[in-house]
Amino acid sequence: MVLVVVFGVALLVAVLLSGLAARTVLSTSFLFLVGGALVSDGFLGLVHITPDSEIVAATADLALFAVLFTDGMHVSLPKLRANWKNPARALGLGMPLAFVFMGLVAHFLVGLDWTTAFLIGAVLAPTDPVFASAIVGRAEVPAKLRQLLNVESGINDGLALPVVLVLIAAAGPTAASAEASPGRIAIELLLGLVFGIALPLFVSVLVRFRLLGAEPKLQPLLPLATGIMLYAACHLTHANPYLAAFSAGAALAHVSPEAKVSFEPLGEALAELAKFAALLVFGALLTPRLFADLSFGGYAAVILAIVLIRPASLLLSLWGTRLSRKEKLVAAWFGPKGFASVVYGLLVLQAGIPQAQEAFTLIAVCIAFSIIAHSSTDVPIARAFDVEDLAGIPEPDEDPTGRPMEVRTDARA
């Protein structure tokens with residue numbers, strides 16, 4: 001109950017300061033992270049949460065599912081078909097590069113064995129839709145950039161999971177080894193995709209029956225019911241819930257645009273609540289002892305992961321695209337680590353591999369630093385786009401007769 005009280009107080013403070021946060025570098029996400037840390041065993045000792053506590057995995061899992069479901073609704077399939085090359089580059093080249101570079105850094109700077117080092121690379125390679133949404137949700141940011149970050153962060157969690165499971169099995173004899181066979185992983189991903197597409201289609205067919213139909217005031221609950229059923233079905237069948245959530249959001253928006261419009265305010269609010277709850281719980285894990293356990297080489301790896309590995313990997317993958325220089329730099333910077341990495345890090349810790357504790361410590365500290373860095377820079381970066389648009393200053397490598405006009409139109413939408 002203490003945690004509920006703390007969450008209520010933190011939520012009240014966050015709402016009261018949200019107007020200020022929208023104009024400055026103050027981050028509401030950071031407030032929940034700090035709030036969780038303050039009430040943990042490392043400081044006030046009001047709540048007692050450990051990495052193996054069930055509430056940690058449950059809140060991170062639910063938050064990631066909720067955000068992926070709502071983010072999937074922002075994906076326009078016609079626009080995605082027309083502009084698939086940039087997300088494909090980020091996923092097909094940028095993500096593997098980040099995985100390899102992080103593995104090399106973890107091995108040489110932290111001293112982890114090769115398998116565990118690349119396991120950390122796989123855990124930290126995906127970007128998080130929760131914190132990427134801080135930039136993709138702002139209308140002043142160019143549409144192509146928003147789409148790139150939204151699609152990349154929505155899909156790469158599901159792509160990373162098979163690699164994480166296989167490397168956990170390869171790191172040592174664990175209970176997860178039997179569950180990490182390539183065939184089983186493929187089935188889980190396929191089931192997630194099938195559920196994510198089939199369930200919204202089934203619901204849309206039901207709605208079209210003459211005797212059925214939702215009252216306007218209850219219409220927002222239709223996608224919510226779909227999401228709840230999907231979440232339960234995935235966990236009962238061991239289907240991949242994250243791929244299912246993102247594909248379900250995209251499918252629902254495509255087959256029922258009116259449901260998307262009615263659900264959007266409620267969905268965004270629920271996703272924010274889930275995110276804040278998970279941040280509070282994760283913050284409770286960030287004790288002084290956790291930070292003290294990380295070596296100097298570990299801190300060097302964390303800094304490199306945030307300021308060099310992700311930016312360099314994505315810039316290389318976007319080389320030669322028609323994105324402006326500023327758009328490439330912003331896309332490269334916004335590679336936040338978040339709830340997907342929390343969930344996968346907990347899988348590593350609970351698998352009991354030889355260097356599990358060292359790996360989780362590095363992952364947790366990297367996520368904490370990333371949350372602080374990325375959630376406090378979204379407003380200044382978004383406003384920089386807005387200022388230049390208002391001033392009518394085109395980017396040097398943009399086509400002054402075409403692309404700036406397209407960006408301004410999308411931004412108003």
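The values are calculated or read from the model by the stated rules, or taken from the named source; none is laboratory data. These numbers were taken from a predicted model, which means no experiment stands behind them. As a convention, Cβ positions derive from the backbone with ideal geometry for all residues, glycine included, and neighbour counts pool all protein chains shown. Please note that ligands, DNA and RNA were not included when accessible areas were found on the heavy atoms of the full protein model with its side chains. Shrake-Rupley method; radii C 1.70, N 1.55, O 1.52, S 1.80 Å.
Overview of results
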{"item": "FRET efficiency, 1/(1 + (r/R0)^6) with R0 41 Å, evaluated for LYS217 and LEU190 via beta carbons", "result": "0.65"}
{"item": "For the chain, accessible area per residue (1.4 Å probe, heavy atoms of protein chains only), Å²", "result": "44 Å²"}
{"item": "Lys pairs, the chain - Cα-Cα below 19 angstrom, 8 or more residues apart or on other chains", "result": "10"}
{"item": "Using θ = phi - 60° and Karplus 6.51 cos²θ - 1.76 cosθ + 1.60, couplings along segment 312-319 (whole Hz; Gly, Pro as x)", "result": "5, 5, 6, 4, 5, 6, 9, 4"}
{"item": "Cα gyration tensor, segment 1-138 - rounded (a/c under 1.5), prolate or oblate", "result": "oblate"}
{"item": "Protection proxy ranking of 39-50, 143-154 - average other beta-carbon atoms within 10 Å, highest first", "result": "143-154, 39-50"}
{"item": "FRET efficiency for LEU315 and LEU26, using Cβ-Cβ distance with R0 set to 30 Å, rounded to 0.05", "result": "0.55"}
{"item": "Estimated 222 nm signal from helices in the chain, with DSSP H stretches of n ≥ 4 weighted -39500 (n - 2.57), rounded to 500", "result": "-23500 deg cm²/dmol"}
{"item": "Cα→Cβ-extended label distance, 7 Å offset, between VAL205 and ALA58, nm", "result": "3.5 nm"}
{"item": "Extended-chain gain in nm, criterion 0.36 nm per residue less alpha-carbon gap, LEU236 and ASP113", "result": "40.8 nm"}
{"item": "Furthest towards positive pole of dipole, ALA245, VAL9, ILE120, structure part the chain, Cβ charges", "result": "ALA245"}
{"item": "Per-residue HN-Hα couplings for segment 323-338 [Karplus 6.51, -1.76, 1.60; θ = phi - 60°; Hz; x = Gly/Pro]", "result": "5, 5, 4, 5, 4, 5, 5, 5, 4, 5, 6, 7, x, x, 9, x"}
{"item": "Distance between modelled label sites at ALA269 and VAL2, nm, 7 Å Cα→Cβ extension", "result": "3.1 nm"}
{"item": "Sequence of TRP114, TRP333 when ordered by accessible area, the most exposed leading, probe 1.4 angstrom", "result": "TRP114, TRP333"}
{"item": "Computed Rg/Rh of segment 329-376, alpha carbon atoms with Kirkwood Rh", "result": "1.07"}
{"item": "Whole-angstrom gap from segment 39-58 to segment 365-379, using each part's C-alpha centre", "result": "21 Å"}
{"item": "Unit charges at the beta carbon, dipole of segment 250-358: most positive-side option, PHE291, ALA351, VAL330", "result": "VAL330"}
{"item": "Ordering of 277-287, 218-228, 10-20 by burial proxy (mean other Cβ atoms within 10 Å per residue, highest first)", "result": "277-287, 218-228, 10-20"}
{"item": "Residues ALA88 and PHE291, FRET efficiency given R0 of 41 Å [Cβ-Cβ distance, rounded to 0.05]", "result": "0.60"}
{"item": "Under the Karplus curve 6.51 cos²θ - 1.76 cosθ + 1.60, θ = phi - 60°, whole-Hz ³J(HN,Hα) for segment 146-155, x wherever Gly or Pro sits", "result": "4, 5, 4, 5, 5, 5, 4, 5, x, 9"}
{"item": "Net dipole in debye of the chain [+1 Lys, Arg Cβ; -1 Asp, Glu Cβ; about Cα centre; nearest 20]", "result": "740 debye"}
{"item": "Three-way shape call for the chain based on the alpha-carbon gyration tensor, with the a/c threshold at 1.5", "result": "rounded"}
